[in-house]
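The values are calculated or read from the model by the stated rules, or taken from the named source; none is laboratory data. Small disclaimer: the values here were computed from a predicted structure and weren't measured. Here Cβ is always computed from backbone atoms with ideal geometry, including for glycine, and neighbour counts include all displayed protein chains.
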Amino acid sequence: MAFNAQKSKRMVLLPNVCQYLARELGNCVFMIGNRPMEYVDTCLHLGRVISNNLDDDSDITRAQG
């Protein structure tokens, strides 16, 4: 399996009560082939918005828009 760091994103999934940990964990650097992976709070995957706080508000807003 091959991974492309330019196309890959990383996200920390936590409930709202633990979101303070997401930013700290987001400061860690993960590398693929000597290239850092981008840290994101939300991303679009297969037409759906995935959020690090495990809610679907962003996806619902996008679908209504």
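Within region 26-65, the only residue that satisfies the criterion of being in contact with a Ser or Thr (Cβ under 8 Å, 6 or more places away or on another chain) and surrounded by fewer than 14 Cβ atoms within 10 Å (Cβ to Cβ) is D57.
Selection of first residues in region 19-38 that are on the phi < 0 side of the Ramachandran plot and of second residues that are of a type in the set (D, E) and not in a helix (DSSP H, G or I), restricted to Cβ pairs under 9 Å at least 6 apart or on distinct chains, gives the following pairs, ordered by first then second residue: A22/D41; G26/D41. Taken together, the residues in region 5-18 that are without any contact (Cβ under 8 Å) to a residue 24 or more places away in the chain and either closer than 18 Å to D55 by Cβ or surrounded by 14 or more Cβ atoms within 10 Å (Cβ to Cβ) (or both) amount to 2. Take V49 and decide whether it is free of Cβ contacts under 8 Å to residues at least 24 places away in the same chain and in contact with a strand residue (DSSP E or B) (Cβ under 7 Å, 6 or more places away or on another chain). Judged against the criteria, V49 is a match.
Yes or no, residue by residue, for (1) aromatic (F, W, Y); (2) in a loop (DSSP other than H, G, I, E, B); (3) at pLDDT below 85:
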| residue | (1), (2), (3) |
| --- | --- |
| A2 | no, yes, yes |
| K7 | no, yes, no |
| V12 | no, yes, yes |
| Q19 | no, no, yes |
| L25 | no, no, yes |
| C43 | no, no, no |
| N53 | no, yes, yes |
| D59 | no, no, yes |
| R62 | no, no, yes |
